[in-house]
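Okay, structure first, notes after.
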């Protein structure tokens with residue numbers, strides 16, 4: 001059956017496309033079915049900091065069957081692209097290999113996260129000597145699907161967050177990962193690590209509470225990504241308590257995020273929404289709404305959870321002929337009312353209507 005879609009992008013133009021072999025094409029002839037008229041359409045929601053291997057923050061091996069279920073649920077909620085930022089094993093890689101592409105979102109993923117001894121929860125990360133950073137980044141780049149994940153800093157008892165790697169080591173990791181066709185993402189909550197990571201060429205800063213305006217300029221010039229994961233940071237702050245040493249650091253960091261978040265978009269940084277185990281990728285719209293609470297306009301919020309992730313990873317964001325036929329339809333304009341993002345009316349993945 002020939003299918004035609006009327007695609008009115010809240011951030012762009014209205015176009016009409018047919019679907020042939022799961023791809024968008026220019027319309028020709030008469031279509032047997034048309035969808036989307038009177039609705040709003042995006043290529044999909046993007047969760048840019050997911051962990052499909054687990055349902056909540058538990059530092060243990062993933063369960064494949066539940067991870068498969070989360071991938072399917074995410075697609076049903078309108079998430080068509082997931083950037084999974086690594087785990088203690090290869091559960092997400094097996095998700096990619098176990099489900100047909102039209103049964104799950106498109107997934108880019110790191111395999112095991114990389115840290116140093118004492119630089120993460122014991123036994124969870126791949127713990128290395130910093131001298132091994134190039135060999136390890138190269139190997140994890142091959143093991144993953146497009147990403148290498150570094151734990152840039154981690155709290156030490158009585159000291160607070162300390163850097164796991166210096167700037168030169170980070171630069172070597174970026175270069176080695178690129179040899180395997182991978183980008184590097186870095187977890188950082190500390191004051192000094194974001195600037196070192198940006199200077200080293202890291203492509204995506206996760207959390208990044210203490211990014212500076214100069215960091216944003218450099219990151220924006222090369223189209224880098226920042227995934228603040230506000231709901232995750234706020235949840236951790238609630239656990240620590242605002243009066244604790246770590247809590248005071250987080251309060252300061254979140255205040256910094258609030259002051260620079262709009263500047264990041266203006267500087268060209270791809271500010272992205274990521275769940276980081278606050279819910280699952282299916283609930284990424286809630287993180288996007290929180291970005292609005294920290295200063296992004298409604299239009300910028302919709303950009304952060306839709307188009308920005310596609311553009312940042314080199315994908316089409318405008319239903320261009322020849323691009324995969326992915327679309328998520330809404331009955332109302334999400335730019336006018338952000339809550340609309342939580343309730344898609346219809347999802348199309350590679351030409352298949354869910």
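Read-outs: derived from the displayed coordinates by stated rules, not from any lab. Please read these numbers as outputs of a predicted model, since none were measured by experiment. Because the Cβ atoms are built from the backbone with ideal geometry, glycine has one as well, and the counts that use them run over all protein chains shown.
The table that follows gives values for the structure above.
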item	result
Length released on extending from residue 76 to residue 34, taking residue separation times 0.36 nm less the Cα-Cα span	13.1 nm
Distance in nm between pseudo-label sites at residue 192 and residue 248 (7 Å out along the Cβ direction from Cα)	1.9
Top of 328, 16, 284 by mean-square fluctuation, Gaussian network on the chain, Cα under 10 Å	16
Choice from 68, 216, 57 with maximal GNM fluctuation in the chain (Cα, 10 Å cutoff)	57
Relative contact order %, region 179-331, counting alpha carbon pairs below 8 Å whose residues are six or more apart	19
Radius of gyration and Dmax over the Cα atoms of region 44-315, both given in Å	16.9, 49
Estimated 222 nm signal from helices in the chain, with DSSP H stretches of n ≥ 4 weighted -39500 (n - 2.57), rounded to 500	-10000 deg cm²/dmol
Within a Gaussian network of the chain (alpha carbon springs, distance under 10 Å), most fluctuating of 327, 235, 190	235
Extension gain from residue 331 to residue 297, taking 0.36 nm per residue of separation minus the Cα-Cα distance	10.2 nm
Burial order of peptide ranges 191-202, 132-143 (average beta-carbon count within 10 Å, highest first)	191-202, 132-143
Nearest-ten-degree value, helix 64-76 long axis tilted from longest Cα axis of the chain	50
Rg ratio (alpha-carbon, reference 2.2 N^0.38 Å) - region 199-312	1.01
The chain, relative contact order in percent, only Cα pairs under 8 angstrom and at least six apart counted	20
Potential lengthening between residue 55 and residue 135 on full extension [0.36 nm per residue; Cα-Cα distance subtracted]	25.7 nm
Alpha-carbon centroids, region 244-299 and region 1-71: separation in whole Å	24
Sorted by Cβ neighbour density within 10 Å, fewest at the top, the residues 313, 229	313, 229
Fewest-first sequence of 353, 42, 107, 93 by Cβ atoms within 10 Å of each Cβ	353, 93, 107, 42
Region 216-269 - percent relative contact order, Cα under 8 Å, separation 6 or more	62
Degrees, to the nearest 10: 245-266 long Cα axis against longest axis of the chain	40
Principal axes of region 73-229: Cα extent on each, largest first, Å	45, 34, 32
